[in-house]
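Below is one structure, written out as structure tokens; the observations come after it.
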Amino acid sequence: MDNYVTKLDAGKHWSLKVRRGVQMTLTDLSGGSNVGMVFYNPENLYERYNAPDTLKAQHTFKLAQGNCLYSDMGRIFASITHDDVQWHDTVCGNTHASHIEQMFGARNYQTDRNDWHQNGYDAFLVELEKYGLTANALPANINWFSSVVTDAEGNMSLRTPAQTEGKSLTLRFEMDTLVILHTCPHPLDSCASYPTGQVEISLTLAKPVGDDDECLNLCPENQRGFMNNALYYLGAKE
């Protein structure tokens, strides 16, 4: 198999070990989706996505095409090789059960079954448990398709959700990576009802990284990150 496609409704969670050299394309089919995501090294689960280092190394507050996603060991989990949105949040974190109840009303699986309202934090915990991890292992997460803006006083809000309908982004994995994600609402979501959209996830083989690669050459820090990856895999079979 050299490609795989699946779709996730809003309020779901998923995880997969993605091997280096594979690319993942996320597409917001309906508009207004949020995809929370974190990364781990499957060979050493203590190595995790590091939001502060990712932003600091690339002198940015947002994620967009050309950016790399760093581990806390100075290596690069993945690079953003394509991006229709060009503004993804990596500072606002997750919704919790109390947030979802306040935003959309109280529901639970026992009474509402598949129409209940999952929150991002608990969705992550369900997937983490599959790998022997707990809440202590949860780093600050990325929120794909969620663009945050600020006013003159510094108050943050979410941009109009419909702007992301049909848009996609592609992550090229530079390391073997355990990907854990959910499709629960963003913490700043102001919609009147719980989201009902879908996100498509497509996995294919990526083209090799060339000397003129946009992500590699975005900044000197990214070049060092790729060198750290090369050292990590020195002697390993492709």
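The values are calculated or read from the model by the stated rules, or taken from the named source; none is laboratory data. From a predicted model like this one, the values you see are computed outputs, not experimental measurements. In this analysis, Cβ positions are derived from the backbone assuming ideal geometry, glycine residues included, and neighbour counts consider all displayed protein chains. Keep in mind that these areas ignore ligands, DNA and RNA; they rest on the heavy atoms of the full protein, side chains included. Shrake-Rupley method; radii C 1.70, N 1.55, O 1.52, S 1.80 Å.
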Quiz prompt | Residues GLU165 and GLU214, FRET efficiency given R0 of 30 Å [Cβ-Cβ distance, rounded to 0.05] | solution = 0.75
Quiz prompt | Subset of LYS62/LYS237; LYS12/LYS56; LYS62/LYS207; LYS17/LYS207; LYS167/LYS207; LYS7/LYS130 violating a 28 Å alpha-carbon distance limit | solution = LYS62/LYS237; LYS12/LYS56
Quiz item: Please state the relative contact order of region 128-238 as a whole percent: Cα pairs under 8 Å, 6+ residues apart?
Solution: 16 percent
Quiz item: How many percent of all Cα-Cα pairs in region 1-100 sit more than 16 Å apart?
Solution: 64 percent
Practice problem: Kindly report the accessible area of the chain per residue (heavy atoms of protein chains, probe 1.4 Å, no ligands, DNA or RNA), in Å². | Solution: 49 Å²
Practice problem: Can you tell me the relative contact order of region 1-98? Whole percent, Cα pairs under 8 Å, sequence separation 6 or more. | Solution: 18 percent
Self-check item: Per-residue ³J(HN,Hα) for region 205-219, Karplus 6.51 cos²θ - 1.76 cosθ + 1.60, θ = phi - 60°, Hz, x for Gly and Pro
Solution: 7, 8, 6, x, 6, x, 5, 9, 4, 4, 5, 4, 9, 4, 7
Quiz item: Whose amide H sits under 5 Å from the amide H of CYS191, counting only residues 5 or more places off or on another chain, with H placed in the peptide plane?
Solution: none
Self-check item: Shape category assigned to region 107-238 from the gyration tensor of Cα positions, a/c cut at 1.5
Solution: prolate
Quiz item: Using r as the Cβ-Cβ distance of TYR109 and SER193, and R0 as 25 Å, what FRET efficiency do you calculate, to the nearest 0.05?
Solution: 0.85
Quiz item: What per residue convex hull volume, in Å³, comes out for the chain when only alpha-carbon positions are used?
Solution: 134 Å³
Self-check item: Zone residues, region 152-185, relative to LYS7, backbone N less than 13 Å from point 7 Å out along Cα-to-Cβ
Solution: 166
Exercise. Could you list which residues have their amide H under 5 Å from that of GLY93, counting only those 5 or more apart in sequence or on another chain, with H placed in the peptide plane?
Key: ASN141
Quiz prompt | Whole-Hz couplings from phi, Karplus 6.51/-1.76/1.60, listed for region 192-199; x for Gly and Pro | solution = 6, 9, 4, x, 10, x, 10, 10
Quiz item: Hey, in the GNM for the chain with a 10 angstrom Cα cutoff, which one of THR81, THR204, THR170 fluctuates hardest?
Solution: THR204
Exercise. Would you pull out the residues with amide H under 5 Å of HIS88's amide H, same chain only if 5 or more places away, H placed 1.01 Å from N?
Key: LEU63
Quiz item: For region 110-155, what D do you get in µm² per second when you plug the Kirkwood radius from alpha-carbon pairs into Stokes-Einstein at 4 °C and 1.567 mPa s?
Solution: 95 µm²/s
Quiz item: Once both labels are modelled 7 Å past Cα along the beta-carbon direction, what's the ASP84-LEU231 spacing in nm?
Solution: 4.0 nm
Self-check item: Phi-based couplings in Hz for region 79-96 (Karplus 6.51, -1.76, 1.60; Gly and Pro marked x)
Solution: 10, 8, 9, 8, 7, 7, 8, 6, 6, 10, 7, 9, 10, 8, x, 10, 7, 10
